[in-house]
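Peer 1: Okay, handing you the structure first.
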Amino acid sequence: MQKLQDIAVRVEGKDSANPPVNHSNATPVMHEVLHSLKQLKERGVAATIDLKSIPFGPGDEEELLHHLGCGEVSIELQSLGKSRICETLYPGVWLIDHYNAAGERVALSLEINRVPEIVKSQPEDISDAIIRLEQQLNPDSSA
Amino acid sequence: MAEELKPITKTLGESLRESGVSRRGFLKFCSVTASMMALPPAMVPAIAASLDKAKRPSVIWLSFQECTGCTESLTRSHSPTVENLIFDHISLDYHHTLQVASGDAAEAAREAAMHENEGNYIVVVDGSIPLANPGFSTIAGISNLQILEETVAGAAAVVAVGTCAAFGGLPQAKPNPTGAVSVSDIVKDKPVVNVSGCPPIPTVITGVLAHFLTFGSLPELDSLGRPKVFFGKSIHDRCYRRPFYDKGLFAETFDDEGARKGWCLYRLGCKGPMTYNACATAKWNQGASWPVESGHGCLGCSEPNFWDAGGFYNALSIPDSDVIRQAAYVVGAGVAIGAAAGALNRSKQAKAASEHETVTIDDLDKRS
C-alpha cells in the first residue's frame with residue numbers, strides 16, 4: 001500500500017515548470033482603485049474598498065498587494081490590537097490592515113484618501129487629552 | 001451569575017471608553033464590525049453613531065435536535081477580540097452547552113433573563129424540533145416544543161442558527177423518524193431570522209447578532225428568511241472559479257488535469273449555482289480556505305432539504321458547451337446560463353427529493 005510520504009508533492013509557482021494558477025481577480029480591483037483615485041483628485045471624494053468582501057482565489061490577494069507595493073509612509077496603530085497602515089506605491093492609495101490582540105487579521109481594506117480617517121486624532125480623544133493634561137498640570141484643582 | 005442578570009444601563013460607547021478604549025480604537029472596532037456584517041465601508045460613521053448608543057441585549061440560546069456543530073462553529077470565530085467585545089456587550093444568559101450553571105440553577109437563569117428583559121431579548125435556536133413524540137428530545141424534562149413556545153413568548157426576535165433550526169436539516173431527512181420541523185414551522189408571531197448552513201459560517205452568526213446590537217433591528221431578509229447581506233448572492237456568482245465555468249473549463253474527476261488546475265467543479269456535483277451563502281468571501285478557519293478552494297464542490301448545506309437533494313457527486317445538470325459558445329456573444333451570458341442551470345437544478349432536485357437517490361462508490365468516481 002502506498003504510504004503518505006510516497007505521494008509526490010508538487011508545489012505550484014515554485015519554478016517555471018509549475019507556474020502559479022492565475023485567477024485574474026486582482027485586476028478588476030486595480031481598476032476600481034484607479035476610478036476612486038480619479039474621484040479623489042477631481043471631486044475630493046474618498047473611498048474604501050473592503051478586500052475581505054472580494055471573492056479572491058488562492059494567490060489573488062498576494063498579487064494585488066504585490067502590485068500596490070509599499071510607498072513612502074508606514075504607520076503602526078496600537079489600539080485593540082495592532083494595525084498596519086501604509087501608503088502604497090500610488091500616493092493617495094492606503095492599505096489598512098487591522099489585527100486583533102491575538103495577532104489575527106480582522107479586516108483588510110484599501111482607503112483612497114489624502115490621509116486615512118483612522119489616523120486623524122478624533123475630537124473625543126482631543127477633549128480627553130485636554131482634561132488629562134489639565135489634571136497633570138494642576139493636580140490640586142481637579143475635582 | 002446573579003450580578004450579570006441585572007439590567008444593563010450603560011451604552012457600548014460608554015463601557016468601551018471606561019475600559020480605556022480610545023475613539024480611534026472604537027472606529028477600528030466599527031470598521032471591523034462593518035466588514036463582519038458585510039456592510040459597505042461607507043456605513044462606518046452610521047455604525048459608529050448607533051454602536052455608541054447601543055445597549056447590551058440579553059440572548060437565550062436553546063439547543064434542540066442538533067450535533068453541537070453550530071456552537072462549535074460559533075466558538076471558533078476567527079476574530080476573538082471582536083467577538084469577545086461583542087459578547088462582553090451581549091448578555092448570553094443561557095446556553096446549556098457553554099454555561100457554568102446546571103440543573104435548576106440553569107433553568108432559573110433562563111427564567112430570570114426572560115423576566116428581566118421581557119419583550120426585548122433574543123432567542124437563538126440550533127437544532128430542529130421533534131413533533132412525533134415530545135420525549136425524543138427534552139431539556140430538564142421539558143419538551144423542545146414546550147421550551148421553545150415558552151421562551152419565545154416574551155422575545156423580541158428569534159434567530160434560527162443552522163440548517164436544522166432554519167429548515168429541519170438532517171433530522172428532517174427522509175424518512176424523518178422524529179417528525180422534525182423548523183423553528184419557523186412553529187413560531188408564527190415573532191420575526192424569525194434563518195442563519196442556515198451546516199454549520200453556519202461563524203462570522204455570519206455573530207454578524208446577525210452584531211446587527212441587532214448595532215441597529216436594534218434585524219437585517220433585511222430573503223424569501224427564506226435569511227439575511228440578504230450574507231445570503232443575497234449564490235456561491236456560484238461569487239466563486240473565484242467562476243471564470244472557468246464561463247470558459248467551459250471543468251474538472252471531470254477529482255484527480256484529472258482540470259482538478260489540478262483548479263477548474264470549475266460543476267460536473268463533479270458542485271451545488272454552487274443553487275446555493276446562497278457567504279463561504280466564497282467569508283471563507284473558513286481564519287479565512288484559510290473554503291470547500292471549493294480545497295477542491296471539493298459545494299454541498300448546498302445552507303439550502304432547504306439539501307440532504308435529500310440527490311447525490312452530492314451528481315452533477316445536477318451538465319452545461320451544454322454549445323450553449324456556452326453561443327451565449328458567450330451575449331452580454332451577461334454567465335448570469336443567464338447560471339439562472340437556466342439553477343432552474344434545471346431545481347426541477348432535478350425536486351425529482352431527486354421524491355425518489356431519494358443514494359450515492360454509490362461509482363458516483364464518487366463518476367465521469368460525466
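The values are calculated or read from the model by the stated rules, or taken from the named source; none is laboratory data. Please read these numbers as outputs of a predicted model, since none were measured by experiment. Glycine gets a Cβ as well: all are built from the backbone with ideal geometry, and neighbour counts include every protein chain shown.
Peer 1: Hey, any hits in the stretch B:3-26 for a residue that's hydrophobic (A, V, I, L, M, F, W, C), modelled with pLDDT of 80 or more, on the phi < 0 side of the Ramachandran plot and part of a strand (DSSP E or B)? Quick ask: steps written out before the conclusion?
Peer 2: So the first thing to find is which residues in the stretch B:3-26 are hydrophobic (A, V, I, L, M, F, W, C), and the list is B:5, B:8, B:12, B:16, B:21, B:26.
Subsequent filtering for residues that are modelled with pLDDT of 80 or more retains B:21, B:26.
Cutting the leftovers down to on the phi < 0 side of the Ramachandran plot gives us B:21, B:26.
The next check asks that each one be part of a strand (DSSP E or B); those that pass are none.
No, that holds for no residue.
Peer 1: In the stretch B:248-263, which residues are among the acidic types (Asp, Glu) and either in a loop (DSSP other than H, G, I, E, B) or within 17 Å of B:Pro291 (Cβ to Cβ) (or both)?
Peer 2: Pass one, the stretch B:248-263, residues among the acidic types (Asp, Glu): B:252, B:255-257.
Across the stretch B:248-263, the qualifying residues are B:Glu252, B:Asp255, B:Asp256.
Peer 1: Continuing with the same structure: Within 8 Å of another protein chain (Cβ to nearest Cβ), more than 24 Å from the chain's Cα centre (by Cα) and surrounded by fewer than 22 Cβ atoms within 10 Å (Cβ to Cβ) - does that describe any residue in the stretch B:43-66?
Peer 2: no
Peer 1: Could you look through the stretch B:153-196, keep only residues that are farther than 24 Å from B:Gly135 by Cβ and charged (D, E, K, R), and pick out the one that is surrounded by the most Cβ atoms within 10 Å (Cβ to Cβ)?
Peer 2: Result: B:Lys190.
Peer 1: So which residues in the stretch B:212-255 are of a type in the set (Val, Ile, Thr) and out of contact with any strand residue (DSSP E or B) (no Cβ under 9 Å at 6 or more places or on another chain), if there are any at all? Before the answer, list the steps.
Peer 2: We begin by selecting, within the stretch B:212-255, every residue of a type in the set (Val, Ile, Thr); these are B:214, B:229, B:235, B:253.
B:Thr214, B:Val229, B:Thr253 - these are the residues of the stretch B:212-255 that are of a type in the set (Val, Ile, Thr) and out of contact with any strand residue (DSSP E or B) (no Cβ under 9 Å at 6 or more places or on another chain).
Peer 1: Please determine whether any residue of the stretch B:111-123 is under 23 Å from B:Cys198 (Cβ atoms) and of a type in the set (S, T, N, Q).
Peer 2: Start the filter on the stretch B:111-123 by keeping residues that are under 23 Å from B:Cys198 (Cβ atoms), which leaves B:122-123.
Filter again for of a type in the set (S, T, N, Q), leaving none.
No, because not a single residue in the stretch B:111-123 is under 23 Å from B:Cys198 (Cβ atoms) and of a type in the set (S, T, N, Q).
Peer 1: Of the residues B:Ser289, B:Ser302, only one is surrounded by fewer than 21 Cβ atoms within 10 Å (Cβ to Cβ) and either more than 11 Å from chain A (Cβ to nearest Cβ) or of a type in the set (Gly, Ala, Ser) (or both); which? Reasoning before the result, please.
Peer 2: Numbers: B:Ser302 fails: surrounded by fewer than 21 Cβ atoms within 10 Å (Cβ to Cβ).
When all the criteria are applied, what remains is B:Ser289.
Peer 1: Could you name every one of the helices (runs of 4 or more DSSP H) located completely within the stretch B:174-246 that has at least 3 residues being within 19 Å of B:Cys70 (Cβ to Cβ)? Talk me through it step by step, then tell me what you get.
Peer 2: Numbers: elements: B:183-186, B:202-215, B:228-231, B:235-238.
Filter on the stretch B:174-246 gives B:183-186, B:202-215.
Peer 1: Can you run down the residue pairs with Cβ atoms below 6 Å, 6 or more apart or on separate chains, where the first is in the stretch B:247-261 and under 18 Å from B:His236 (Cβ atoms) and the partner is β-branched (Val, Ile, Thr)?
Peer 2: B:Gly248/B:Ile324
Peer 1: Which numbered condition trips up A:Met1, out of (1) within 12 Å of chain B (Cβ to nearest Cβ); (2) modelled with pLDDT under 95; (3) not in a helix (DSSP H, G or I)?
Peer 2: If we test A:Met1 against (1) within 12 Å of chain B (Cβ to nearest Cβ); (2) modelled with pLDDT under 95; (3) not in a helix (DSSP H, G or I), just (1) comes out false.
Peer 1: Let me ask something additional. Looking for something buried (at least 18 other Cβ atoms within 10 Å of the Cβ), touching a Pro at 6+ places or on another chain (Cβ under 8 Å) and closer than 14 Å to B:Val32 by Cα - is there at least one such residue anywhere in the stretch A:118-132?
Peer 2: No: the stretch A:118-132 contains no residue that is buried (at least 18 other Cβ atoms within 10 Å of the Cβ), touching a Pro at 6+ places or on another chain (Cβ under 8 Å) and closer than 14 Å to B:Val32 by Cα.
Peer 1: Same structure, new question: Restricted to the stretch A:31-58, and to residues that are aliphatic (A, V, I, L, M) and either surrounded by fewer than 15 Cβ atoms within 10 Å (Cβ to Cβ) or under 20 Å from B:Ser31 (Cα atoms) (or both), which residue is farthest from the chain's Cα centre (by Cα)?
Peer 2: Within the stretch A:31-58, the match that is farthest from the chain's Cα centre (by Cα) is A:Val45.
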